[in-house]
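Report on the structure given below.
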Protein chains: 2
Amino acid sequence: MLYDAPKLAPHDCGDCPIRHRAVCARCDSDELSVLEEMKYYRSFQAGQTVVWAGDRMDFVGSVVEGVATLTQTMEDGRTQMVGLLFPSDFVGRPGRAGAAYNVTATSDLVMCCFRKRPFEQMMETTPHVAQRLLQMTLDELDAAREWMLVLGRKTAREKIASLLTIIARRDASLHLAPVEGRLQFDLPLTREAMADYLGLTLETVSRQISALKRDGVIELQGKRHVIVPDFDRLQEEAGDDSDGGLPE
Amino acid sequence: MLYDAPKLAPHDCGDCPIRHRAVCARCDSDELSVLEEMKYYRSFQAGQTVVWAGDRMDFVGSVVEGVATLTQTMEDGRTQMVGLLFPSDFVGRPGRAGAAYNVTATSDLVMCCFRKRPFEQMMETTPHVAQRLLQMTLDELDAAREWMLVLGRKTAREKIASLLTIIARRDASLHLAPVEGRLQFDLPLTREAMADYLGLTLETVSRQISALKRDGVIELQGKRHVIVPDFDRLQEEAGDDSDGGLPE
DNA sequence: CGCCTGCCTTGACCCAGATCAACCGACCCG
DNA sequence: CGGGTCGGTTGATCTGGGTCAAGGCAGGCG
């Protein structure tokens, strides 16, 4: 699978303009031209809501630029983020009528969309697409389960460090490699959104970020730009055991 | 889809002995005979581990009888359950070499298995199976995200009530309908396993169960048999807003 | 029978993180 | 330029749930 090699690399699929991983696995096939005709772009401003939970959602698509979140809210206002979407991430649920969660842009956002019905029909006639979507959904499921460990068992400091490693990994893959091991990136989330990600309050997020800064685990330029002098140190803080998975 | 109608009903697919939802959607096809030859059963005692995280896992399958859990553990022993498997639930990751989580039987367990390689090959030649697996994986993802809200934002009491509603719903579908609205079931988990599910300690689980009993939300016979006199009341305690989803 | 082990309960105390509140700086807009 | 809003920080205090500790009860076994 060509596009899996640098697993989190930005989409760059020759002259195929569709930043859609489900599709890109088949860039070399005839199906592409069908999708080429189907696709359209949508832009959103930071803070704008793409769809509300429960609303009919007549498209699927993927993030081209920017960051979006999936959130769930209780009647009394408690909210929990359940998904964090970076460029190349897929949005939508083939075979389901409605959106299950609020989808919100946290920065200016560009999505590449396909109307759901024709996309579903294409899926039925193109077995590789369903398989590709299955793999992507399994990835999302793994991410969700990793996140459950963070939510259920980690301390506030570990939670912050975990979030920073996730953003660093995603962001690093989109931009340049670390310069002399000094990884850096901009936080695409407000303190409040980070709190909703981690099941904390925004005050605790702020305090723990200050603490990590005080302890030299990270450096800050302004409120959003983070410099990580030692990524291994950050991972330790996150309580992650070093990756020992066996890939296919 | 024939087998989705009573969505959580025990598998009962005419004379097809394979309790495998991914397959059952195609009971009427030729593929069945292939699977019939491929399948084999495995039994485990309560407490036994089916596979360890990271181990090679050369089969996929589904739970026929009993309950199993997926858990994740940090080096220092903190553990978080990330999946709770009832009869008809699928286990395994087509296309992935290793198990991502510990799979453990919490009661005597019977699984219907297929060797992974031939199953994957069958998937490639049988598009409906990949699509069925995609739908099942989307269901799991929804469950995981619902659970994230529980872990991140609910109080201990709400967590316990949430778990009880989940078990009640799954169990009720496997056994008899509630008698006069008095739903009842046996807890398939120890207090410690419930704690690992909910990101709590076993003492807190015990205390909150006692509190729900004291307040008349549930009744107990012994330590494991739960009677729910009023399911709506239990759902309120769980903080669930009544389901307003729009199914396909 | 008595002992042990696994599972569960309850009490007393403590602390990480929530809550409440004051304040800062950047930005926008009239 | 002044006032308002938004996002963020920090301090003081409170509390839900963790921690530590002491039993209780049922089942298995010598």
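The values are calculated or read from the model by the stated rules, or taken from the named source; none is laboratory data. Keep in mind it's a predicted model, so treat the numbers as computed, not measured. Note that we place each Cβ from the backbone using ideal geometry, even for glycine, and neighbour counts take in every protein chain shown. We work out accessible area using only protein heavy atoms, side chains counted, and drop any ligands, DNA or RNA first. Shrake-Rupley method; radii C 1.70, N 1.55, O 1.52, S 1.80 Å.
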request  = Would you mind getting the accessible area per residue of the stretch B:41-122, heavy atoms of the protein chains only, 1.4 Å probe, in Å²?
outcome  = 37 Å²
message = Quick check for me: using +1 on Lys/Arg Cβ and -1 on Asp/Glu Cβ, what's the dipole size of the stretch A:155-238 about its Cα centre, in debye to the nearest 20?
response = 180 debye
inquiry  = So the label point sits 7 Å from Cα along the Cα-to-Cβ vector; using that for A:A97, what distances do you get to the other copies, in nanometres, sorted shortest first?
reply    = 4.4
Order by protection proxy (mean Cβ within 10 Å, highest first), peptides B:117-123, B:144-150 = B:144-150, B:117-123
ask   = Ordered by packing density, taken as the mean number of other Cβ atoms within 10 Å over each peptide's residues, highest first, how do B:39-49, A:203-213, A:160-170 rank?
value = A:160-170, A:203-213, B:39-49
remark   = Taking a probe of 1.4 Å and leaving out DNA, RNA and ligands, the stretch A:155-238 shows per residue an accessible area in Å² of 49 Å²
ask   = So, by mean Cβ neighbours within 10 angstrom, what's the order for B:55-67, A:214-226 with the highest one leading?
value = B:55-67, A:214-226
query = Which residues, if any, in the stretch B:64-87 have at least 40 Å² less accessible area in the whole protein complex than in the isolated chain, probe 1.4 Å?
reply = B:Q72, B:M74, B:E75, B:R78, B:Q80, B:V82
inquiry  = Assume the label is 7 Å from Cα along Cα to beta carbon: what separations in nm does A:E236 have to the matching positions in the other copies?
reply    = 5.2
query = Once a ≥ b ≥ c are taken as the square roots of the eigenvalues of the Cα gyration tensor of the stretch B:154-238, is the result rounded (a/c under 1.5), prolate (a/b larger than b/c) or oblate (a/b not larger than b/c)?
reply = prolate
inquiry  = Considering only protein heavy atoms and a probe of 1.4 Å, how much of the accessible area of the stretch A:155-238 is carbon and sulfur, as a whole percent?
reply    = 50 percent
query = What is the set of long-range amide H partners of B:Y101 at a cut-off below 5 Å, with H atoms built 1.01 Å from backbone N?
reply = B:G54
key: 5 angstrom amide H check on B:V82, placed H, neighbours 5+ away   = B:L70, B:T71, B:Q72
Listed residue pairs exceeding 26 Å between alpha carbons, taken from A:K39/A:K223; A:K116/B:K154; B:K159/B:K223 = A:K39/A:K223; A:K116/B:K154
remark   = Mean other chain Cβ within 10 Å across A:132-143 is 6
inquiry  = Quick query: amide H of A:T106 versus all other amide H atoms, modeled in the peptide plane; which residues come in under 5 Å with a sequence gap of 5 or more or a different chain?
reply    = A:G47, A:V67, A:A68, A:T69
message = Rounded to the nearest 100 Å², what is the buried accessible area between B and A, both sides summed, probe 1.4 Å?
response = 5200 Å²
task = Put a label point 7 Å from Cα along the Cβ direction on B:W52, then list its distances to the equivalent points in the other copies in nm, shortest first.
result = 5.1
